[in-house]
Amino acid sequence: MELKNKSLVDESLAIPVGISACLIGEKVRFDGGHKQSRYCLNVLAECFKFVPFCPEVSIGLGIPREPIRLVKIQTEQGESQVRVQGTKDTSLDVTDELAAYADLVSKNQPELCGYVLMKSSPSCGMERVKVYDHNNVPEASGAGAFAQRYMELNPEVPVEEEGRLNDPLLRENFITRVFALHTWREQVLSNPSLHAVIQFHSCYKYQLMAHSYQAYKELGRYLATEAPKEDLELVLETYIHKLMTSLKKRANRKSHCNVLMHILGYLKHELDSKTKHDILEAIDQYRTSIVPLVVPITLLKHYLKRHGSEYIRSQAYLDPYPHELGLRNYI
């Protein structure tokens, strides 16, 4: 899908998202090449302001350069460690430098609402990066040194590998989380208060329900009983950590149908039986994989616009991101 020459948002309002520099076409790879992502440049760049990073170049490695890889070593104390070493010159060890660069990015770029990483990279790979033993045999998989440290320091920031964005469910989940974090920062952290948190939660209740019914209940109970007694800073920390962790769990057809039925409940007194039947049929067709999620959502939104309360029309679940991205056409 391409949206060239059509901006989804005002450029000044674009969401800042980190990205491995090779994915936007910068020739920073070990061989002097790049891994340009058409999806990132032609679609996501319409609503994200990509901030490129190449950890390997940033810590002083040249272009071109000797490749590096993850290697499991034994310390003098007999413990196993994974280090980032040169493939030929094992005295080249940049593990600590890559971790330190992640510290620097985290400190200097706190506004990032997401991060797109290059897969299989010993610096940027999110997972499944080969780890070699002393015989040069890959015996395990791990995360790149920069990526691992960045994720540890920023557990609330959505992180995904570019290759995994080809999966419709993973793509939709990642973009949902990026917009959720951005909305949180814009609507709550810009002027924090318990009231702002409660208002935000009110809009995200059904989005949260689609991902985790248990988290939906727990966060509602937390805001009603515990949060009013706690320091605001702790409330902010607790809420966003729980929300972003819960949204990482992918919604499925069953959970989406549950939310759709809850939303339909707000129209039960306004719609005639024929209209209700049509909506229920669309929901069931989604449940049985006949139509994508966009079909029942579009039908519900049509009637909510005419008959729904302000509360239900304000639900983030109905519009978690620009509809032009077409994400719900494929799930």
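Structure summary
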{"item": "The one condition in (1) small (Gly, Ala, Ser); (2) modelled with pLDDT of 95 or more; (3) over 26 Å from the mean Cα position of the chain (by Cα) that residue 80 fails to fulfil", "result": "(2)"}
{"item": "Test: residue in the stretch 250-263 that is among the polar types (S, T, N, Q), open to solvent by less than 90 Å² (accessible area, probe 1.4 Å), assigned to a helix (DSSP H, G or I) and free of Cβ contacts under 8 Å to residues at least 40 places away in the same chain", "result": "no"}
{"item": "The stretch 119-129: number of residues that are surrounded by fewer than 24 Cβ atoms within 10 Å (Cβ to Cβ) and closer than 21 Å to residue 97 by Cα", "result": "3"}
{"item": "Qualifying position, being open to solvent by less than 20 Å² (accessible area, probe 1.4 Å) and within 30 Å of residue 58 (Cα to Cα), among 132, 204, 115", "result": "115"}
{"item": "Long-range neighbours under 6 Å by Cβ, at least six apart or interchain, first residue more than 23 Å from residue 35 (Cα to Cα) and touching a residue at least 24 places away in the same chain (Cβ under 8 Å) within the stretch 119-145, second assigned to a strand (DSSP E or B) and open to solvent by 60 Å² or more (accessible area, probe 1.4 Å)", "result": "132/138; 133/72; 133/139"}
{"item": "Residue count for the stretch 138-179, restricted to those that are under 9 Å from the mean Cα position of the chain (by Cα) and either among the polar types (S, T, N, Q) or assigned to a helix (DSSP H, G or I) (or both)", "result": "10"}
{"item": "Subset of the stretch 9-32 that is open to solvent by less than 30 Å² (accessible area, probe 1.4 Å) and part of a loop (DSSP other than H, G, I, E, B) - its residue that is modelled with the lowest pLDDT", "result": "14"}
{"item": "Options 309, 273, 314, 289: the member that is at positive phi and open to solvent by 20 Å² or more (accessible area, probe 1.4 Å)", "result": "289"}
{"item": "Residue list for the stretch 52-70, restricted to those being under 16 Å from residue 35 (Cα atoms) and open to solvent by less than 40 Å² (accessible area, probe 1.4 Å)", "result": "53, 54, 55, 56"}
{"item": "Pairs with Cβ under 6 Å, 6+ apart, first in the stretch 299-326 and within 28 Å of residue 171 (Cα to Cα) and of a type in the set (Val, Ile, Thr), second surrounded by fewer than 19 Cβ atoms within 10 Å (Cβ to Cβ) and modelled with pLDDT of 95 or more", "result": "312/266"}
{"item": "Selection within the stretch 75-89 - without any contact (Cβ under 8 Å) to a residue 12 or more places away in the chain and either outside any loop (DSSP other than H, G, I, E, B) or not small (Gly, Ala, Ser) (or both)", "result": "75, 76, 77, 79, 80, 81"}
{"item": "Residue match in the stretch 227-239 (condition: surrounded by 15 or more Cβ atoms within 10 Å (Cβ to Cβ), in a helix (DSSP H, G or I) and of a type in the set (S, T, N, Q))", "result": "yes"}
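Results for (1) over 29 Å from residue 167 (Cβ atoms); (2) at pLDDT 95 or above; (3) assigned to a helix (DSSP H, G or I), shown as yes or no for each residue.
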| site | (1), (2), (3) |
| --- | --- |
| 278 | yes, yes, yes |
| 284 | no, yes, yes |
| 292 | no, yes, no |
| 317 | no, yes, yes |
| 321 | no, yes, no |
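The values are calculated or read from the model by the stated rules, or taken from the named source; none is laboratory data. It should be emphasised that the depicted structure is a prediction, and the values quoted were computed from it without experimental measurement. Here Cβ is always computed from backbone atoms with ideal geometry, including for glycine, and neighbour counts include all displayed protein chains. For accessibility, only protein heavy atoms count, side chains too; no ligands or nucleic acids. Shrake-Rupley method; radii C 1.70, N 1.55, O 1.52, S 1.80 Å.
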